[in-house]
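These notes concern the structure reproduced below.
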Amino acid sequence: MDALSRSLPALLAVVVLLAGCGEPEPEPIPHLDLILLRGTVVDGTGAPGRVEDVGVLDGRIAAMGDLSEATADERIDVTGLTVAPGFIDMHSHAELTEDYGRDARPFLAQGITTVVMGVDGGGTHEVGARLRSWADEGIGVNALTYVGHGHVRREVMGMDDRAPTPEELDAMRALVRRGMEEGALGLSSGLFYTPGFYATTDEVIELGLVASEWEDAIYDTHDRDLGATYQGVGYDASVAEGIQIGAESGLRVIFSHFNPQGATNRGRADVGIALIEDARLRGLEVAAAQHPYTATQSNLRAYALPRWAAAGGPDAIARRFADRDTSRILQRQIVESLAMRGGPDKILFADADPRLNGKTLAQVVAEWGSSVPRTVERILRENGNATVMNLELYDAENTRLLARQPWMMTCTDGRTPAEGQTVTHPRVYGAFPQKMRMYALDSDDISVALAVRSMSGLAADFLRLEDRGRLAPGSWADIAVIDLLTYRSSATYTDPHRYADGVRHLLVNGTFAIRDGEFIDARAGMALRNGGTPVSPAASATP
Ligand SMILES: [Zn+2]
């Protein structure tokens, strides 16, 4: 063996070391579970689409780019299709705790893979139990939740129309604290609804101060008055109140289903936009979410009854109707309340009660041969309440202007219908494709890339979900493969039960929820704490 041969191993070691100092060798791509080949990737950042491959391994995106050399268990050619992050529904009423709602099919069919729950002030303070039940039972989409001001107030004070005592305020603080400790995103309120309506601005700020002890906590508001609240404060003051609550409690603010309501607010979206822009210039993180429909859906009591008359709950309501003098005032105010909403013709029942479903309030009044207030009274007495839509409450041009704002996210505000809700709001089936069609595909209001961003990356940024809402290596593989040519909703107010078209494949945490346009019902969604930490199902937890 000559000198050179003897020194060869040492020489090789030097070469390897030198190579180690130079350009880093790209990590070898491991064998993947799945490669989506040659799709047009719209990654959720707002960047325009680009053709590339997306590789999935162990529930996450493991590689992107040219993966033609990589190996995988399965390769699916998605040439010509749009590959987007799974969408995030920022204001959802998916019935994930009900058997009929767990699979979340109406949401999945739109490309939605994550929903934000506990909105309108309704979120439970028992957040840990809620997240665990979702994880244990299995849910079709990922889900996060707020703790709700209205829920907390009701727990402590019932339906009382008064300020809390110091002890009661402390009790409410404790419930908010518990919700936050157990993983809530922040505080939601529904000051439009009872009992939220009975709270002052300061009360909500006091509870917000508890939530804001958690970094990045959010205040989600269904405004006190979107513009059609009887004896309300008006749209402008209501938006200002939401911003004030965020500013004084130290919470970031999102306005739910943001849009001015009613005949007096046609063409006035610019007022709300200016208030939000002004807050943002002052350094506050204020944003909003929208759906593209002109109808709302809520309940008859909230739309028809003045708030003072709802105080104390059903027995107190019944007593007021039974008292002659009170009843006379009440009947007049019911008529006035409904007038602000376009009248009984615009109130369409979506309730499971077959006597009501699919009829307008005007039709029920005619059928029952009664007056409008007496019909409202009878429905509240016999049914407690009733689910209703309010047709044509929003102005389509307001909605279009709002869609163009860079801080505007997307929501369904949709509630999974129970059996018997033959007529229900089509937004639960169609809000996302409808928005994409109206503002990006069938017009030039926003680009497809910005529409996708409003449905994914913008929401993930706001929720501080670092590994969702964008297509990037390391992110959870929540992926929608969409044919934009056929992506649409055919759900209507009279024929709502139609799943959206156009989502060819949908992955939730790397598992197919929709494959070749067919539901898999894998229930691959995760229950997420604030910040996105998944809650493990009890079955897989170590004893
Ligand atoms: Zn709401």
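Read-outs: derived from the displayed coordinates by stated rules, not from any lab. Everything numeric in this text was worked out from a predicted model, so none of it was measured. Counting neighbours? That spans all protein chains shown, and the Cβs are built from the backbone with ideal geometry, glycine included.
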By per-residue mean of other Cβ atoms within 10 Å, what is the highest-first order of 322-328, 373-379?
373-379, 322-328
Among DSSP beta bridges whose residues both lie in the chain, state the antiparallel percentage, nearest 5.
55 percent
Ordered by packing density, taken as the mean number of other Cβ atoms within 10 Å over each peptide's residues, highest first, how do 75-88, 144-157, 282-295 rank?
144-157, 75-88, 282-295
How long, wide and thick is segment 299-390, going by the Cα atoms along their three principal axes, in whole angstroms, largest first?
32, 23, 23
For Gly186, list long-range residues whose amide hydrogen, built 1.01 Å from N in the peptide plane, is under 5 Å from its own amide hydrogen.
Val147, Ile218
Where does the chain land at 222 nm, in deg cm²/dmol rounded to the nearest 500, when only DSSP H runs of n ≥ 4 count, each adding -39500 (n - 2.57), divided by all residues?
-10000 deg cm²/dmol
The chain: angle of helix 427-436 to the longest principal axis, Cα-based, in degrees nearest 10:
60 degrees
Hey, what did the chain get for relative contact order, percent, Cα under 8 Å, at least 6 apart?
20 percent
With just the Cα atoms defining each centre, how far is segment 275-311 from segment 126-174? Give it in Å.
20 Å
List every residue whose amide H lies under 5 Å from the amide H of Asp223, counting only residues 5 or more places away in sequence or on a different chain, with H placed 1.01 Å from N in the peptide plane.
Ser256
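Looking at segment 24-85 only, what percent of DSSP beta bridges run antiparallel? Nearest 5 please.
Within segment 24-85, antiparallel bridges account for around 60 percent of the total.
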What FRET efficiency would be calculated for the residue pair Asp66, Thr533, taking the C-beta separation as r and a Förster radius of 35 Å, to the nearest 0.05?
0.55
The value for the chain (convex hull of the alpha-carbon atoms, volume per residue, Å³) is 178 Å³
Can you list the HN-Hα couplings for segment 84-89, worked out from phi with the Karplus curve (6.51, -1.76, 1.60; θ = phi - 60°), rounded to whole Hz and with x for Gly and Pro?
10, x, x, 7, 10, 8
Between Asp483 and His497, how many nm apart are label points set 7 Å from Cα along the C-beta direction?
2.5 nm
Angle, helix 372-383 long axis vs. longest principal axis of the chain, Cα atoms, 0 to 90°, nearest 10?
60 degrees
Using modelled backbone amide H atoms (1.01 Å from N, in-plane), which distant-in-sequence or interchain residues come within less than 5 Å of Asp33's amide H?
Val56, Leu57, Asp58, Asp73
Ordering of 93-102, 201-210 by burial proxy (mean other Cβ atoms within 10 Å per residue, highest first):
201-210, 93-102
Do me a favour and compute the ellipsoid semi-axes for segment 230-298 from its Cα gyration tensor, root of five times each eigenvalue, largest one first, whole Å.
21, 13, 12
Could you run the Karplus curve 6.51 cos²θ - 1.76 cosθ + 1.60 with θ = phi - 60° over segment 101-111 and give me ³J(HN,Hα) per residue in whole Hz, x for Gly and Pro?
x, 4, 6, 6, 4, x, 7, 4, 4, 8, x
Relative contact order of segment 188-290, pairs being alpha-carbon contacts under 8 Å that are 6 or more residues apart, as %:
27 percent
